[in-house]
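The values are calculated or read from the model by the stated rules, or taken from the named source; none is laboratory data. Keep in mind that this is a model prediction, so the values were computed, not measured. All Cβ positions, even for glycine, are placed from backbone atoms using ideal geometry, and neighbour counts span all protein chains on display. Ligands, DNA and RNA are excluded from the accessible area calculation, which covers all protein heavy atoms including side chains. Shrake-Rupley method; radii C 1.70, N 1.55, O 1.52, S 1.80 Å.
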Amino acid sequence: MRNSLSLVSALLLLFGSASAFLPLRPMWGSTSSSFPDDSPFSLHLRATLTQLQMSKEDPPKIIISGAPASGKGTQCEIIKEKFGVVHLSTGDMLRAAVAAGTEVGKLAKDFMDNGKLVPDNVIIGIVKDRLAEPDCIEKGWLLDGFPRTAAQAEALEEAGVKADCFLFLNVPDSVLVERVVGRRTDPQTGKIYHMTFSPPEDETILQRLEQRSDDTEEKVMVRLEQFHANEDAVKGKYADISVAIDGNRAPSDVSAAVLAAIAASKAKV
């Protein structure tokens, strides 16, 4: 394994560009693929070659979806690091547009200042403007948890926003509830712990941990109901590019599947 990875690294240094590997791309979608298995090495190699090809082709355009606590944040960081895309959440885009004083930002501010939900047409305008900025055009983008409804998906399509890949993280509700209710935050450092999966080793830190007011089972179930009410409709809008990922595994295993799905989506483009 180590020798194989060293060989790949050497080849990358030798050729120095993605163009040397372009003939490999059709193999990924054929029955005679040189990488027939789902071993970690094969998944790593596919993702690496795809990453190189992206520097010469259209950058990736990815949507990742999943229920609260399904692991989107963790996977977004890995995707961003691997492919260099711009990671975008609606909350961050809203705040940035308001701070920049753009036209849609001013509209959003009016709603927010009056304690009202920002309507879909304003959010879509903010998303469309952000995706048209140079960094998104050059590097590609990763929409985190958006669209949330079929109406938002339709509005994105009407605005000319098209993704290459729609990733959906599947995690049972019982696991999601356990993930959320066990979360605790250190008020001094902002670091998040989990009482079951990653508790602090220091007793002093343990004593000062706090639970968010909405991280209770009752409130989590409400959020899950809202998510599931729109789940099928949103997935239906992206049926041709949708990939379901089993998110109830170790993050590294989920990441391998996510990177392979992105690689496969670019191979089809």
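Report the full-extension gain for the segment LYS116 to GLN188: residue separation times 0.36 nm, less the Cα-Cα distance, to one decimal in nm.
My answer for the length gained is 22.8 nm.
Quote the FRET efficiency, to the nearest 0.05, computed for ASN230 versus THR74 with a Förster distance R0 of 30 Å and r equal to the Cβ-Cβ distance.
0.85
Dipole of segment 71-267 (Lys/Arg Cβ +1, Asp/Glu Cβ -1, origin at the Cα centre): which of VAL258, VAL98, ALA155 lies farthest to the positive side?
Result: VAL98.
Whole number in Å², please: accessible area per residue of segment 71-267, 1.4 Å probe, ligands, DNA and RNA not counted.
54
Taking the Cα-to-Cβ direction at ASP246 and at SER213 and moving 7 Å from each Cα, how far apart do the two end points lie in nm?
Taking the simple label geometry, ASP246 and SER213 are separated by 4.0 nm.
What length, rounded to one decimal in nm, is gained on full extension from VAL222 through to GLU154, with 0.36 nm per residue of separation minus their alpha-carbon distance?
22.0 nm
First select every other residue whose beta carbon is under 15 angstrom from the beta carbon of LEU142; then total the charges, Lys and Arg +1, Asp and Glu -1.
Summing Lys and Arg as +1 and Asp and Glu as -1 gives -1.
State the Cα centre-to-centre distance between segment 197-269 and segment 56-92 in whole Å.
The distance from the Cα centre of segment 197-269 to that of segment 56-92 comes to 12 Å.
Which order do the peptides 188-195, 96-103 come out in when sorted by mean C-beta neighbours inside 10 angstrom, highest first?
96-103, 188-195
By its C-alpha gyration tensor, with a ≥ b ≥ c as the square roots of the eigenvalues, how is segment 68-115 shaped: rounded for a/c under 1.5, else prolate for a/b larger than b/c, else oblate?
oblate
What's the carbon and sulfur percent of segment 71-267's accessible surface, probe 1.4 angstrom, rounded to a whole number?
Answer for segment 71-267: carbon and sulfur cover 51 percent of the accessible area.
Going by the alpha-carbon gyration tensor, a ≥ b ≥ c the square roots of its eigenvalues, is segment 110-173 rounded (a/c under 1.5) or, if a/c is not under 1.5, prolate (a/b greater than b/c) versus oblate?
Verdict is oblate for segment 110-173.
Using Cα-Cα distances under 8 Å and only pairs 6 or more residues apart, what relative contact order does segment 71-267 have, in percent?
Value for segment 71-267: 25 percent.
With a ≥ b ≥ c taken as the square roots of the eigenvalues of the C-alpha gyration tensor of segment 109-244, please select rounded if a/c is under 1.5 and otherwise prolate if a/b is larger than b/c or oblate if it is not?
Taking the square roots of the gyration eigenvalues as a ≥ b ≥ c, segment 109-244 is prolate.
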